[in-house]
Structure formats: C-alpha cells, structure tokens
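Notes follow the structure.
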Amino acid sequence: MASVINPVASSIKTPRNISSLYLSHSKVSPSYVQLKTRSLVSNATRLAFSPLPESKEPPVKLCFSGEPLRFSGWSQLIRRRSAVDFPVSSAAAADAEGRDIEFSDGNAKTSKSFGDKFPVLVTGFFFFMWYFLNVIFNILNKKVYNYFPYPYFVSVVHLLVGVVYCLISWGFGLPKRAPINKELLSLLTPVAFCHALGHVMSNVSFAAVAVSFTHTIKALEPFFNASASQFILGHQIPLSLWLSLAPVVIGVSMASLTELSFNWTGFISAMISNIAFTYRSIYSKKAMTGMDSTNVYAYISIIALLFCIPPAVIIEGPKLMQYGFQDAIAKVGLVKFLSDLFWIGMFYHLYNQLATNTLERVAPLTHAVGNVLKRVFVIGFSIVVFGNRISTQTGIGTAIAIAGVAMYSMIKANIEEEKRKAALASSTS
C-alpha cells in the first residue's frame with residue numbers, strides 16, 4: 001500500500017474507519033485525545049483504546065487540518081499535538097499518603113491536612129493536652145492517696161492500665177507492634193528498672209508530702225543529670241550550665257527548710273526518684289534503637305510493671321488484704337474506688353505519651369521551656385485545689401528553683417543545637 005499523498009484537508013464528522021490513526025506516545029490531555037497520521041503500510045488498523053473491526057477495504061487517504069475534530073457521541077475533542085498531564089499519578093500518590101483528593105477541571109489537587117494548614121494550633125493543642133492531663137493526674141492521684149495511702153500498689157495500677165492500653169492499641173494496629181529480640185530486651189531492661197524505681201519513689205513522695213513540695217524537689221533532677229554526665233560518663237559540662245544550677249539548689253533548699261508538710265520519707269523518696277530518672281536517661285542513650293518512641297515506651301512500661309509487682313505484694317500486700325481495700329471502699333464506695341484507679345492510670349500513660357509526641361513536634365529548647373512551665377502549672381494548681389498553706393520563704397524558694405531550671409534548660413538546649421549544627425556542617429563539608 002502507498003503512503004498518503006496529496007493530502008486534502010477535510011472535516012470528519014462520522015468516520016467509517018480510522019485504520020490510519022494511532023495514539024501519540026506523548027502525554028494525553030483530559031480534554032483532547034492526541035492522534036497523528038501514520039503510513040498506511042502499518043498493520044495497526046485499530047485505535048489502541050477502542051477495538052474497532054479491521055478494515056477489508058482500501059484505506060482512505062486522510063490528513064488533518066488545524067481545526068479540532070469531533071466524533072459523534074464523544075464528549076472529548078480530538079486535536080493534534082496538545083498535551084497535559086493526566087491526574088492519575090498525583091491522585092495515586094495522594095491516596096497512598098492518606099490525603100484527600102479534589103478534582104477541578106480534570107486536574108487532581110491534594111488538599112492539605114488540618115495539621116499542615118495550622119501547625120501552630122496543632123502544636124498548641126498538644127501542649128495544652130500535655131499540661132491538662134498532667135495537672136489532672138497529679139490532683140486525682142493525690143486525692144486517691146488521701147483515702148488510699150498505698151503508693152506501691154497505686155504505682156502498679158498506673159503501669160498496668162498503660163500496659164493494657166498498649167496491648168489493645170497493638171491489637172488494632174495503632175501503632176503496629178514492633179518486634180523485639182533478646183538484644184533489644186537486654187538494652188531496655190535497665191531503662192525499665194530505673195523507670196520503675198523512679199516512678200515508685202515519686203509516688204511514695206506524693207503520698208507523704210504535698211504535691212507542690214515533691215515537684216519542687218524534683219526540680220533538682222537537672223543537677224543530678226549534669227553530675228552523672230560529668231563524673232560517670234566523663235562528659236565535660238560547661239561552666240554556664242553549672243552556674244545555672246546554683247539557683248536550683250538554693251531555691252530547693254529554701255523551700256525545704258520552711259515547708260509545712262515536710263517529712264524525711266517524702267524528701268528522700270523524691271531524691272531517689274531524681275537519681276533513678278538520671279540513670280534512666282543514661283541507659284536510654286545506650287539503648288538507642290530504630291524503634292519508634294511509642295513502641296519503646298510500651299515495652300518499657302511492660303518490663304517496669306514486672307519490676308513493680310514484687311515490692312507491692314511484699315510491702316503492702318498483707319495490709320491491703322487485711323484492711324486496705326475495705327477501708328477505701330467504705331470511704332468512697334466500690335465504683336468510685338475502681339474508677340479513680342482506672343483514670344489515674346489512664347491519665348498517667350496519656351500525659352507521658354503526649355509529652356513524647358510534643359517533643360517530636362518542637363525543637364528541644366521549646367520542649368525544655370514547656371516542661372518547666374508544666375511544673376509551674378502543676379505546683380500552682382495543686383496549691384489552689386488542695387488549699388496547701390505555704391510560707392513566704394517556701395514560695396520564694398520554689399520560684400528561684402523554677403527560674404534556675406528554666407535557665408539550665410535553655411542553655412543546655414542551645415548547646416545541643418550548636419553541636420547538631422556543627423555535626424551537620426562537618427558531614428556536608
């Protein structure tokens with residue numbers, strides 16, 4: 001067969017056969033389908049997208065004018081060599097990322113999530129919920145100790161509720177459970193032990209003294225962290241950090257000397273808690289893994305629960321069986337007693353999880369300042385709710401200690417940021 005010669009431009013309304021046409025390999029417009037002429041020697045006698053019957057008649061010599069062609073019954077125009085992107089690839093990508101897809105004039109547009117549009121509001125919500133749950137936990141926890149003074153058992157309840165929550169979340173795949181092996185278990189066990197010890201001792205202090213005083217003593221935790229880094233790990237601590245810790249030590253000392261609820265059990269327990277959480281930080285750095293923070297915290301909670309059960313049974317078990325449970329139920333009733341235990345466990349787990357989620361959203365400096373402000377909120381609300389009387393010297397000492405912690409946190413965060421930038425610059429150079 002001969003190729004098309006002496007083309008004559010003709011407008012086609014209802015073509016009988018289109019054996020000399022084929023789809024262009026270039027991108028196809030959603031408004032126009034691209035066709036171009038081809039040698040009639042070709043055996044491609046159909047359109048690639050429409051199985052038309054093969055022609056037995058001699059081919060018709062065709063050519064196209066610059067005018068668009070219309071096929072009857074089709075809603076699309078066929079025009080030569082125009083091209084736009086099909087929205088399929090962008091729509092598929094958006095669907096894979098879980099974003100909403102909007103179509104406008106044949107194009108796909110991925111709509112941003114609420115968090116992408118308003119990141120400040122979302123971060124503010126995380127901070128608010130972190131503070132709110134922490135304050136509610138401390139207040140409800142202290143109210144439980146007022147009629148059920150068994151901190152070892154209550155510590156077990158805190159972790160038990162959190163572990164059940166994690167197991168249910170894993171069951172629904174929110175998040176998907178990360179596998180654990182013997183090596184990872186050996187790394188997480190020291191972290192979990194220190195977590196259990198610090199948690200139990202904090203609760204012993206909460207049960208023995210005012211919540212505000214326990215949090216004032218726990219403001220010394222940065223001092224223990226710096227001491228451990230300098231004298232145990234061998235890290236050089238800058239002089240500016242040590243100087244920022246001086247107000248913390250002075251403020252806690254002033255508050256302790258005139259604290260009306262002071263007793264040695266509460267004071268020593270809070271100090272042991274500071275030491276335990278310091279070692280938890282040390283072991284956590286050694287146990288850095290690729291596992292996400294939610295799964296790590298879940299495994300730590302499970303292992304810590306196993307450490308907390310034996311002392312609770314040995315120290316408080318006989319008392320609880322003889323009169324502890326009976327006295328609590330007689331004072332508030334069985335339903336309230338069980339609901340209080342459940343909610344303090346739930347609030348404990350959620351505020352710790354939200355603290356981790358907030359840290360992932362903001363810079364270390366912002367999180368450090370937020371952590372200091374959280375302690376201020378807890379101390380202030382506990383004084384208002386429980387009506388704790390504090391002396392003027394205790395109030396001044398608490399304020400000085402909190403200011404010192406704020407200075408320390410900001411200086412440390414700036415130092416860490418400078419180290420990160422220096423490491424990044426050296427890796428790119």
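Looking only at residues in the range 145-189 that are in contact with an Asp or Glu (Cβ under 6 Å, 6 or more places away or on another chain) and part of a helix (DSSP H, G or I), the one that is surrounded by the fewest Cβ atoms within 10 Å (Cβ to Cβ) is Y152. With respect to being more than 30 Å from P175 (Cα to Cα), surrounded by 13 or more Cβ atoms within 10 Å (Cβ to Cβ) and modelled with pLDDT under 85, I411 falls outside the description.
So that you can scan it fast, the table gives a plain yes or no per residue for (1) crowded, with 17+ Cβ neighbours inside 10 Å; (2) among the aliphatic types (A, V, I, L, M); (3) assigned to a helix (DSSP H, G or I):
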site	(1), (2), (3)
A270	yes, yes, yes
S273	yes, no, yes
A276	yes, yes, yes
N295	yes, no, yes
F307	yes, no, yes
L320	yes, yes, yes
M346	yes, yes, yes
A355	yes, yes, yes
E360	no, no, yes
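More than 30 Å from Y152 (Cβ to Cβ) and in a loop (DSSP other than H, G, I, E, B): is that true of L241 in this structure? Criteria not met by L241. When F342, F325 are screened for being open to solvent by 20 Å² or more (accessible area, probe 1.4 Å), of a type outside the set (S, T, N, Q) and under 32 Å from the mean Cα position of the chain (by Cα), only F342 passes. Checking F307, F325, F262 one by one, the residue that is in contact (Cβ under 8 Å) with a residue 60 or more places away in the chain and not charged (D, E, K, R) is F307 and no other.
If the condition is being surrounded by fewer than 17 Cβ atoms within 10 Å (Cβ to Cβ) and among the charged types (D, E, K, R), then the range 279-293 contributes K285, K286, D292. Screening S427 against (1) in a helix (DSSP H, G or I); (2) touching a residue at least 24 places away in the same chain (Cβ under 8 Å); (3) open to solvent by 40 Å² or more (accessible area, probe 1.4 Å) leaves a single unmet condition, (2). Apart from one condition, F224 fits all of (1) within 17 Å of I300 (Cα to Cα); (2) surrounded by fewer than 21 Cβ atoms within 10 Å (Cβ to Cβ); (3) in contact (Cβ under 8 Å) with a residue 24 or more places away in the chain; the exception is (1).
The values are calculated or read from the model by the stated rules, or taken from the named source; none is laboratory data. Everything numeric in this text was worked out from a predicted model, so none of it was measured. Glycine also receives a Cβ, built like all others from the backbone with ideal geometry; neighbour counts cover every protein chain displayed. Just the protein is used for accessible areas: all its heavy atoms, side chains included, with ligands, DNA and RNA removed. Shrake-Rupley method; radii C 1.70, N 1.55, O 1.52, S 1.80 Å.
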